[in-house]
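First comes the structure, then the notes that go with it.
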Amino acid sequence: MGLRKPKATRETTTKMRETVKLISMEGFEFIIDREAAMVSQTIRSMLTSPGGFSESKDGVVTFPDISTTILEKICQYFYWSLQYSRGKETEFHIEPELTLELMMAANYLHT
Amino acid sequence: VQERFGNQSFRMERKTIDLEQGWDYMQTGITKLKRILEGLPEPQFDSEQYMMLYTTIYNMCTQKPPHDYSQQLYDKYREAFEEYINSTVLPALKEKHDEYMLRELVKRWSNHKVMVRWLSRFFYYLDRYFIARRSLPPLNEVGLTCFRDRVYNELHSKVKDAVIALVDKEREGEQIDRALLKNVLDIYVEIGMGQMERYEADFESFMLLDSASYYSRKASSWIQEDSCPDYMLKSEECLKKERERVAHYLHSSSEPKLVEKVQHELLVVYANQLLEKEHSGCRALLRDDKVDDLSRMYRLYHKIAKGLEPVANIFKQHVTAEGNALVQQAEDTATNQAANIASVQEQVLIRKVIELHDKYMVYVVECFQSHTLFHKALKEAFEIFCNKTVAGSSSAELLATFCDNILKKGGSEKLSDEAIEDTLEKVVKLLAYISDKDLFAEFYRKKLARRLLFDRSANDDHERSILTKLKQQCGGQFTSKMEGMVTDLTLARENQTSFEEYLGNNPAANPGIDLTVTVLTTGFWPSYKSFDINLPSEMVKCVEVFKGFYETKTKHRKLTWIYSLGTCHLNGKFDHKPIELVVSTYQAAVLLLFNTTDKLSYNDILTQLNLSHEDLVRLLHSLSCARYKILTKEPSTKTVSQTDSFEFNAKFTDRMRRIKIPLPPVDERKKVVEDVDKDRRYAIDAAIVRIMKSRKVLGHQQLVSECVEQLSRMFKPDIKAIKKRMEDLITRDYLERDKENPNMFRYLA
């Protein structure tokens with residue numbers, strides 16, 4: 001994870017893309033696995049909506065109200081959650097100063 | 001149009017969205033959605049748009065009061081649907097009819113569901129807190145309810161009519177769009193939101209009524225025009241089609257109800273008319289062996305409560321009639337023909353009854369799938385005619401005679417071993433239908449005795465085999481005596497060997513005549529009259545010798561001689577040539593008198609032999625008036641009278657070197673019936689005592705019915721006889737009447 005340049009990908013098949021791109025309010029792009037992103041019910045609803053999305057716009061979500069720090073923490077949470085549900089029972093450490101914002105973001109994302 | 005709400009940190013100073021402003025934005029999304037649903041050129045939502053719409057709702061719900069607009073958004077959500085339905089959906093539906101209307105409805109419903117899905121996702125935040133906290137109907141439900149209240153409630157009646165019209169069209173053979181009907185009916189189910197209420201009340205009940213009246217009309221004309229088999233074919237076809245109908249587009253829960261209605265109209269209402277149709281109904285089908293049609297009848301009526309009972313009844317009547325006809329035929333032949341032909345007819349009757357049983361058992365198993373009702377019908381039918389008397393002979397006697405014919409040497413049946421086994425098996429099965437089983441046992445025993453004693457049994461294995469079968473069917477007690485008889489014969493042979501050894505060792509004891517003695521155990525064998533006759537001296541010696549031998553083997557046993565069963569071989573020294581005569585002991589006794597005197601009068605013989613008139617007449621008749629005239633009678637009339645006199649017929653001759661002179665058989669029937677009646681009295685006594693001993697106190701009716709039940713394995717007791725025995729037991733102090741209630745009986749220990 002981390003900052004990556006936006007990729008221009010052309011896919012000729014119509015299978016589901018494996019990654020989604022989450023963009024923070026500052027414009028940082030986080031490209032994560034689809035499966036991880038779906039830990040958020042909100043994102044999951046969107047991705048499983050009927051009608052589907054057009055190729056070029058698929059799986060790119062901008063969160064103008066979420067800062068990079070928080071969004072990064074959230075992405076970490078997604079992966080931790082997947083690992084936890086697979087049996088790797090570790091602790092998820094939250095820096096105290098992030099708590100409030102993180103909770104509100106979590107509420108928004110229904111995570 | 002997308003608005004970005006500033007690049008600020010989330011929790012601080014988010015710009016408040018005003019309701020009108022926010023709703024305007026949402027409205028753009030709703031409009032886009034409507035355009036997509038109407039099929040207008042409109043690109044799909046992208047993830048950005050989606051999130052924006054979601055975020056707008058989210059923000060408007062999480063703003064601080066007075067700007068938390070949850071309630072208003074909830075209301076506006078509903079209004080969005082209502083507006084769309086009223087302005088677009090309903091008018092589109094109302095202007096169409098019949099099949100077109102149905103198609104439009106399916107399309108609109110599908111669209112509506114899509115709309116609900118999208119909007120409920122945008123407005124999702126409401127579901128999580130606002131709706132949950134106030135226990136309001138969730139977004140999904142609100143959406144569906146809108147459609148239900150505004151569209152479904154308006155149109156469901158019209159839709160139902162259109163659907164039913166198509167169903168009837170299909171019934172008449174036209175092609176219809178089944179997928180369309182399935183989709184329409186799915187609406188009825190889905191609109192119930194988990195309950196089948198709407199489907200059942202708004203559609204199914206009408207459909208059932210319509211189906212019932214449709215088939216009622218069809219049935220009323222078919223029943224007049226069609227034969228029973230054709231009507232059944234049509235019915236089967238209709239039921240099949242209706243089941244297919246359910247599979248293709250009706251809801252599965254309709255199947256039993258629809259089938260029941262169709263069955264009712266086609267098969268229940270007209271059941272009587274159908275089954276009783278003059279030339280093609282159940283009776284006719286049975287008569288004409290229409291196995292397929294009968295199988296169909298079974299299949300159709302099997303699933304209807306009490307549907308099979310009339311069929312089983314007709315079956316029973318039919319079988320009974322056929323059985324009765326056979327019996328009547330035998331009865332008629334017997335009265336018209338001479339005795340021996342008649343008896344052949346009786347044997348033919350048993351054969352035919354067996355065939356009848358085989359034939360209709362196949363029906364029971366194959367057409368009627370071994371259903372208990374039909375087994376019962378067959379059983380009851382056979383019980384009716386199998387207990388009829390033919391020309392004075394009870395069925396028990398006929399059956400015993402039939403067995404005798406199979407088992408004796410030179411019997412009327414010349415069959416392979418396998419065929420004999422098979423026949424014996426079937427005979428035993430028939431016995432189950434005869435109520436007087438004890439009577440059969442007695443006749444059988446008598447005939448078995450004759451076969452064994454006169455060496456007339458054709459095959460030992462068959463004799464044993466039938467006893468085994470009888471044992472299996474009727475229990476050990478039934479066959480124990482018979483088995484004892486067979487064993488006696490084996491022992492008798494061993495005994496004879498010992499006797500001959502004894503004679504060898506004691507030449508002085510030898511009576512000078514070849515003597516074979518068969519010792520029988522009294523209890524096993526039928527009771528025989530043994531009347532004392534003055535034996536010729538040669539025979540007297542034989543008896544003494546054997547007695548001497550027997551005492552060396554066992555003391556404490558009494559020997560009773562049954563001369564009526566004995567056989568004698570005499571050498572007749574006739575003028576022309578000597579002939580060996582095989583006669584009974586009694587006949588031998590008569591003939592030996594003529595060794596010392598040429599001529600004797602009836603009375604002479606009577607005195608010398610000490611016989612009764614009845615017996616003597618029989619004997620003399622067989623020797624002087626029958627086929628072989630060993631004695632000449634004066635006068636040579638056809639019957640013997642007490643004034644006749646007899647002379648040895650030296651001129652007698654015959655082609656053969658050895659002839660058998662039979663004695664006409666005594667009618668054993670009367671004796672058998674007497675013996676059985678006597679045994680029955682004992683059996684009834686024993687049953688009453690047994691019952692009372694265990695019950696101690698019992699009412700009259702109950703005692704009688706339990707008695708009947710206990711004895712039913714062997715015979716059907718006469719109620720009067722039971723009452724008489726009860727009285728007898730009271731006088732013998734086995735029972736007493738209760739002082740207060742004369743209908744109650746008490747056991748006296």
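Only the coordinates and a few stated rules stand behind these numbers; no lab work does. All figures in this text were calculated on a predicted structure; none of them were measured in a lab. A quick note on method: Cβ atoms are made from the backbone with ideal geometry, for glycine too, and the neighbour counts reach across all protein chains shown.
Pick out, in residue order, every one of the trypsin sites (Lys or Arg not before Pro) in region B:495-576 that is DSSP loop and has at most 13 other C-beta atoms within 10 Å; say none if there are none. Present the calculation step by step, with values, prior to reporting the outcome.
Working: sites: B:K529, B:K541, B:K547, B:K553, B:K555, B:R557, B:K558, B:K573; in loops: B:K529, B:K555, B:R557, B:K558.
Passing both the DSSP loop test and the Cβ count: B:K529, B:K555, B:R557, B:K558.
Could you list B:T56, B:T497, B:T320, B:T88 in order of exposure, starting from the residue whose Cβ has the fewest other Cβ atoms within 10 Å? Walk me through the numbers before you get to the answer.
Values: B:T56 23, B:T497 10, B:T320 18, B:T88 15.
Starting with the residue having the fewest Cβ neighbours, the order is B:T497, B:T88, B:T320, B:T56.
With 52 Å as the cut-off, how large is the P(r) tail for chain B, expressed as percent of Cα-Cα pairs? Of the Cα pairs, 50 percent sit more than 52 Å apart.
When the dipole is taken about the Cα centre of region B:610-724, and only Lys, Arg (+1) and Asp, Glu (-1) are charged at their Cβ, what size is it in debye, to the nearest 20?
The dipole of region B:610-724 has a size of about 420 debye.
Each Lys and Arg Cβ is given +1 and each Asp and Glu Cβ -1; about its Cα centre, the protein assembly as shown then shows a dipole of about 2100 debye. Taking every DSSP helix (H) stretch of at least 4 residues in chain B, weighting each as -39,500 (n - 2.57) and dividing the sum by the residue count yields a mean residue ellipticity at 222 nm of -20000 deg cm²/dmol. Ordering B:V319, B:V640 by the number of other Cβ atoms within 10 Å of each residue's own Cβ, fewest first, gives B:V640, B:V319.
Taking other Cβ atoms within 10 Å as a rough exposure proxy, B:V362, B:V617 sort from fewest to most as B:V362, B:V617. If you sort the three axes of the alpha carbon gyration tensor as a ≥ b ≥ c, you get a/c of 1.5 or more for the protein assembly as shown and a/b above b/c, which makes it prolate.
Around the amide H of A:T19, modelled in the peptide plane, lie the amide H atoms of A:R34, all under 5 Å away and 5 or more residues distant in sequence or on another chain. Across chain B, the relative contact order, built from alpha-carbon pairs under 8 Å that are at least six residues apart, equals 6 percent.
Toward the positive end of the charge dipole of chain B, with +1 on the Cβ of Lys and Arg and -1 on the Cβ of Asp and Glu, the farthest Cα among B:Q473, B:S564, B:A419 is that of B:S564.
In straight-distance terms, cross-link reach from B:K471 covers every one of the aspartates and glutamates whose alpha-carbon lies under 18 Å from its own, apart from those fewer than eight places away in the same chain; here that gives B:D404, B:E421, B:D422, B:E425, B:D436, B:D438, B:E442, B:D460, B:D461, B:E463, B:E483. Of the residues B:A683, B:T653, B:V697, the one whose Cα sits farthest towards the positive end of the charge dipole of region B:646-698 is B:V697 (charges of +1 on Lys and Arg Cβ, -1 on Asp and Glu Cβ, taken about the Cα centre).
What separates the Cα centres of region B:287-338 and region B:82-161 is a distance of 63 Å. Of the Cα atoms belonging to region B:169-298, the radius of gyration and Dmax stand at 17.2, 57 Å. Residue by residue, region B:444-450 carries 3J(HN,Hα) couplings of 4, 4, 4, 6, 4, 4, 5 Hz when phi is fed to the Karplus relation 6.51 cos²θ - 1.76 cosθ + 1.60 (θ = phi - 60°); x denotes Gly or Pro. Which shape class, rounded, prolate or oblate, goes with region B:114-238 when its Cα gyration tensor gives a ≥ b ≥ c as root eigenvalues, a/c under 1.5 marks rounded, and past that a/b bigger than b/c marks prolate? Judged from the Cα gyration tensor, region B:114-238 comes out prolate (a/c at least 1.5, a/b above b/c). Evaluated with a Cβ-only charge set (Lys, Arg +1; Asp, Glu -1), region B:572-648 carries a dipole of roughly 260 debye about its Cα centre, given to the nearest 20. Backbone geometry of region B:493-504 corresponds, through the Karplus equation with coefficients 6.51, -1.76 and 1.60 at θ = phi - 60°, to 3J(HN,Hα) couplings of 5, 4, 4, 4, 4, 4, 4, 5, 4, 4, 5, x Hz, x marking Gly and Pro. Straight-line cross-link reach from B:K693 at under 21 Å between alpha-carbon atoms covers these lysines, not counting any fewer than eight positions away in the same chain: B:K723, B:K724, B:K739.
Where the eigenvalues come from the Cα gyration tensor of region B:390-534, what are the semi-axes √(5λ) of the equivalent ellipsoid, largest first, in whole Å?
On the way: eigenvalues 215, 58, 42 Å².
Gyration-tensor ellipsoid for region B:390-534: 33, 17, 15 Å.
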